1. As a footprinting exposure proxy, order A:ASP33, B:ASP216 by other Cβ within 10 Å, with the fewest listed first.
2. In whole angstrom, and with the biggest value first, how far do the Cα coordinates of region A:96-154 range along each principal axis?
3. Can you list the distances in nanometres, one decimal and ascending, from the A:LEU363 label point to the identical position in each other copy, with the point 7 Å along Cα to Cβ?
4. With respect to the symmetry axis carrying chain A onto chain B, which residue of chain A exhibits the smallest Cβ distance to that axis, and what is the value in whole Å?
5. Please report, largest first and rounded to whole Å, the three semi-axes of the ellipsoid equivalent to region A:204-361, where each semi-axis is the square root of five times an eigenvalue of the C-alpha gyration tensor.
6. Can you say what percent of the DSSP beta bridges in region A:8-199, counting only those with both residues inside, are antiparallel? Round to 5.
7. For region B:126-179, what is the per residue volume of the convex hull drawn over the alpha-carbon atoms, in cubic angstrom?
8. FRET efficiency for A:HIS138 and B:PHE103, Cβ-Cβ distance as r, R0 = 51 Å, nearest 0.05?
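No value in this document is a laboratory result; all are computed from the given coordinates. What you are looking at is a predicted structure, and each value in this text was computed from that prediction instead of being measured. In this analysis, Cβ positions are derived from the backbone assuming ideal geometry, glycine residues included, and neighbour counts consider all displayed protein chains.
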2 protein chains.
Amino acid sequence: MTDTPTPVRSELADGREILFFPLPGNVSRPVQDVRPLGPRPQSAQSEIRYDVQTGDWVAIAAHRQDRTYKPPADQCPLCPSPQGDSSEVPAADYDVVVFENRFPSLSHAGADATTLPAGVLSAPGVGRCEVICFSSDHTTSFAELSHQQARLVVDVWRERTEALLGMSGVEQVFCFENRGEEIGVTLSHPHGQIYGYPYLTPRTTSMLRQARSFADEHDGANLFADLLAREIDAGVRIVATNEHCTAFVPFAARWPVEVHIYPNRQVHNLIELSDAELDSLTAIYLDVLERFDRMYPTALPYISALHQYRPDRGQELGYFHIELMSVRRSATKLKFLAGSESGMDAFVTDVTPEKMAARLKVLGS
Amino acid sequence: MTDTPTPVRSELADGREILFFPLPGNVSRPVQDVRPLGPRPQSAQSEIRYDVQTGDWVAIAAHRQDRTYKPPADQCPLCPSPQGDSSEVPAADYDVVVFENRFPSLSHAGADATTLPAGVLSAPGVGRCEVICFSSDHTTSFAELSHQQARLVVDVWRERTEALLGMSGVEQVFCFENRGEEIGVTLSHPHGQIYGYPYLTPRTTSMLRQARSFADEHDGANLFADLLAREIDAGVRIVATNEHCTAFVPFAARWPVEVHIYPNRQVHNLIELSDAELDSLTAIYLDVLERFDRMYPTALPYISALHQYRPDRGQELGYFHIELMSVRRSATKLKFLAGSESGMDAFVTDVTPEKMAARLKVLGS
């Protein structure tokens, strides 16, 4: 275990929490948020509904229809607001900052905890949705961060994972980044999101089910450790390696560009990683993102998804890793999720994983 | 059981099958396809790979990278080709035509049948991908078809379902339509697709698993019949009804626009529907599509997915229905599947199903 950074806490005009995480040697000095926001209405509470057809929960957040949509750069809500009147971040500057989403899909706005016994079809969408700004520089990107800055982001993900896991009603913590207008990102300022779901997500449920079957059939062996060992052994889909981590294109990649990053030691989440492992993870993550941006004349749109597990809730078989995926299938074309994918969850890709890996491999710096 | 239409069979220049389905009283007169296509290479055979993480199969069709992409209207490959030299349909005209996709995700190009015993991680992508042209009129849409023409399409879906179920290696038949550039449709001519998968798709697997659990817990009752009865009882999400069918927005809708159409009697697939039920299905399907196109100034992009089951393979609990979904969330905005959906399969929607149903309800003709 390494030290988690201690945030400077403040509050936005409508009562939302905001947390400033300074780099070593820097000091965060929030100012007062003077915007006339008023308190958040209870109607901001979303709802979750159980789909009996599939066994999945769906979140319905009707108040999100009015969320901020592609503001001009001089009205960016994620840039610093020195007078506390022009953005979500009331401060002259910041290194990394986290705050509750103004239009949350999940929140504690109208309800505290949720219990979801079998047979319940609907419940308040209790949980947490946070925005994390990776830098105060509006025009940079994660790939362009210094190692020190990127490591701070990783440390903040780690701190927030621990914090959200401690909140009432939160079952799973998901740190992710959506990057690029092509996938609907409405704010270009480099940022990610952190969700605290009140349920185990469908993907995590499937993956834990597979891991359980594998362990039952293989004397308790770990599915993901086995998968990683086989990828290292095969070699043909490896994109990058460093002291503690391995990045590869998965054997059954669904997306035109897809890379999974695993620490070489099985841990369940960021909290369990050592200081040296966190440094390795930061380095390989930056390395992969840099390769992404060298693929085409324009920056690659991508989704980054951190898969974290909690051994205290029977998820011992989970293996922390990051899944990166992009819809770009050529310089001018995107992959769309159409009938087969959206209707039947059956992915069809036109890129061979080995070719994708070979391409990414030669794009190293 | 009603009569299925008998197609006039012909062959394209590279050996692919093409089937003409005339309206009653019309005659199909294919001409020779004189394009210099040459036989299809065995390299057109795709591969399917098993994702051990999720338990899902993924199809990898590398030859599809070069598929036809937004041709000019005068080079439409789906318009009639009177001299047999200018499109995929060598005939002066046609009513409904079906042919094997030139760039198939699944085919018998290099392999015949596939067996997929547990533990197999990769296999040839055996199966069938067909294109179905709903009309020879390049500028029309499914919603604008006459009842008679739309019924012919339904009958052809039915005929192809039976035909594909009889092909070696086909485990599931999926008729669907992708409509709209917004979801990546590269040919604007009104058409759909029919896939014969060599595996049960992930969505169907989930739905049958849920149906099995429900039956076990409720004295053998059918999950989907129960769901339909509850929707009819609640009423608030019903969009349209007619003699034999019901259309409603599902309780846990994932998409900004989503409508499910069920026949009131449980059947497993189109083959089991009576003549009167097929007429009802055609009418309510046209009705829903017409409502879709009245929602916004421009035609609604949508995916239509026919869920069919085969009782001969242990799918007795399946209930044939059509799921329609759209990514359009306002006149100017689309829903994108970003981190939560693509990374965790956890859908977040900002439209309340009851409001969506009320809106669609008043858009009837």
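1. Lowest to highest Cβ neighbour count: B:ASP216, A:ASP33.
2. Largest to smallest, the principal-axis extents are 49, 21, 15 Å.
3. Between copies, matching label points for A:LEU363 lie 3.9 nm apart.
4. A:LEU337, 3
5. Working from the Cα gyration tensor, I get semi-axes of 26, 20, 14 Å.
6. Antiparallel bridges: around 95 percent, rounded to the nearest 5.
7. It is 86 Å³ per residue.
8. E(calc), rounded to 0.05, equals 0.75.
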